[in-house]
Amino acid sequence: PLEPWYIGGPVIKGFGRGSKVLGIPTANLSPEGYSAILSEHPAGVYFGWAGLSGRGVYKMVMSIGWNPFFNNTEKTIEPWLLHDFNEDFYGEELHLVVVGYIRPEANFSSLEALIAKIHEDRKIAERALELAQYLKYKDDPYLKSSL
Ligand code: ADP
Ligand code: MG
């Protein structure tokens, strides 16, 4: 298993590509300050734990991907928190412990295929995070350091 890695900061606005309409909102974090950590990890789908300031700790499945609108040296960080929130939490402090890797970034022939794959990823993440080797990180102090 890979060493867990740690990313945090305020939740920023993404491109608003309608992910909420698709039922897959992603709480974007700025890659600023994380270029070393990001260059060590390939673009793709990861899972781990998310600590949201003042709220709690949740399972998350996350896309790390190239941002074609920037200079291709920065990746976007987009975790989907596996919890139903009743409101947005832009600007709130979010800390992530990334514990596992699912798959590389991929292209899809249709939006439906993409959505189906993301739901597969979610199921993989939800199950994996129940395993002792990943569950133990739910108590990582980094997740609560901002709660
Ligand atoms: P954006 O392009 O601005 O990131 P999204 O459509 O991806 O917009 O929605 C993400 C926003 O939705 C988050 O910043 C957060 O405020 C809110 N949100 C609500 N529920 C969730 C969730 N379960 N996981 C991630 N973000 C969520
Ligand atoms: Mg987003």
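Specify the residue with the greatest mean-square fluctuation among 114, 38, 52, computed from a Gaussian network of the chain linking alpha-carbon atoms under 10 Å apart.
Top of the fluctuation ranking is 114.
Would you mind getting the accessible area per residue of the chain, heavy atoms of the protein chains only, 1.4 Å probe, in Å²?
In whole numbers, the chain has 55 Å² accessible per residue.
Springs between alpha-carbon pairs under 10 angstrom, Gaussian network model over the chain: which of 49, 66, 80 fluctuates most?
The residue with the greatest mean-square fluctuation here is 66.
Need one value: the accessible area of residue 6 in square angstrom, 1.4 angstrom probe, rounded to the nearest 10.
Approximately 80 Å² of residue 6 is accessible to the 1.4 Å probe.
Helix-only estimate, please: 222 nm mean residue ellipticity of the chain, summing -39500 (n - 2.57) across DSSP H runs of length 4 or more and dividing by its residues, to the nearest 500. Spell out each step's value before the answer.
Working: 4 runs with 31 residues, N = 147.
For the chain, the value works out to -5500 deg cm²/dmol.
Heavy atoms only, probe 1.4 Å: what % of the accessible area of the chain goes to carbon and sulfur, would you let me know?
Summing carbon and sulfur atoms, their accessible area is 54 percent of the total for the chain.
Within 15 Å, Cβ to Cβ, of residue 40, how many net charges do the neighbouring residues add up to if Lys/Arg are +1 and Asp/Glu are -1?
Taking every Cβ under 15 Å from that of residue 40, the sum is -1.
Based only on the alpha carbon positions, what is the Kirkwood hydrodynamic radius of the chain, in angstrom?
15.5 Å
Relative contact order for the range 5-141: what is it in percent, counting Cα pairs under 8 Å that are at least 6 residues apart? Mind showing how you got there, number by number?
On the way: 229 pairs, mean separation 41.6, N = 137.
Here the relative contact order equals 30 percent.
The values are calculated or read from the model by the stated rules, or taken from the named source; none is laboratory data. Only a predicted model underlies this, so the values are computations on that prediction, with no experimental measurement involved. Neighbour counts run over all protein chains shown; Cβ positions are idealised from the backbone, glycine included. In case anyone asks, the SASA skips ligands and DNA or RNA and just uses the protein heavy atoms, side chains included. Shrake-Rupley method; radii C 1.70, N 1.55, O 1.52, S 1.80 Å.
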